[in-house]
Amino acid sequence: MRPTCERCATDLPADAPGAFICSFECTFCAECADALDERCPNCGGELLDRPTRLGEAPPQKPAGARRH
């Protein structure tokens, strides 16, 4: 899971709601997704609510730390 919005760099913790993704996992905050009419500017795909991650991630699959 990407930790920030690709458009405005808002933090999007994996365990918090409010993130939207396309099928390629481009990630946007709710405000930016709304401004984009729920369409990914990269691929044109639909932006949908990203599921929240509850609990600790397994050590072999930690949440992404790369910022865009």
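Given the options 1, 22, 42, identify the residue whose Cα lies farthest towards the positive end of the charge dipole of the chain (+1 on Cβ of Lys, Arg; -1 on Cβ of Asp, Glu). Going by the charge dipole, the pick is 1.
Relative contact order (percent) for segment 1-52, with alpha-carbon contacts under 8 angstrom and 6 or more residues of separation? Walk me through the intermediate numbers first.
Details: 83 pairs, mean separation 17.8, N = 52.
With pairs under 8 Å counted, the relative contact order is 34 percent.
Considering only Cα atoms, the convex hull volume of the chain works out to 80 Å³ per residue.
Near the amide H of residue 6, within less than 5 Å, lie the amide hydrogens of 27, 28, 29, all on another chain or at least 5 residues away, with H placed in the peptide plane.
Note that segment 19-28 has calculated 3J(HN,Hα) couplings of 10, 10, 9, 9, 5, 9, 6, 4, 10, 9 Hz, one per residue in order, obtained from phi through the Karplus relation 6.51 cos²θ - 1.76 cosθ + 1.60 (θ = phi - 60°); glycine and proline are x.
Between the amide H of residue 19 and those of 50, distances stay under 5 Å, these residues lying 5 or more places away or on another chain, with hydrogens modeled in the peptide plane.
If exposed means no more than 13 neighbouring beta carbons inside 10 Å and the site is in a DSSP loop, what's the longest run of the chain without any exposed GluC sites (Glu not before Pro)?
On the way: sites that count: 25, 56.
Answer from the scan: 26-55.
Taking the Cβ-Cβ separation of residue 11 and residue 38 as r and a Förster radius of 22 Å, what is the calculated FRET efficiency to the nearest 0.05? With R0 = 22 Å, the Cβ-Cβ based efficiency is 0.60. A simple charge model with +1 on the Cβ of Lys and Arg, -1 on the Cβ of Asp and Glu and nothing else charged puts the dipole of the chain at about 340 debye relative to its Cα centre.
Using a simple spin-label model with pseudo-atoms 7 Å out from Cα toward Cβ, residue 49 and residue 23 lie 2.1 nm apart. Secondary-structure-derived ellipticity at 222 nm for the chain, considering helices only, amounts to -2000 deg cm²/dmol, per-run term -39500 (n - 2.57) for DSSP H runs with n ≥ 4.
No lab work stands behind these numbers, since they all come straight from the coordinates. What you are looking at is a predicted structure, and each value in this text was computed from that prediction instead of being measured. Positions of Cβ are backbone-derived with ideal geometry, glycine not excepted, and every protein chain shown enters the neighbour counts.
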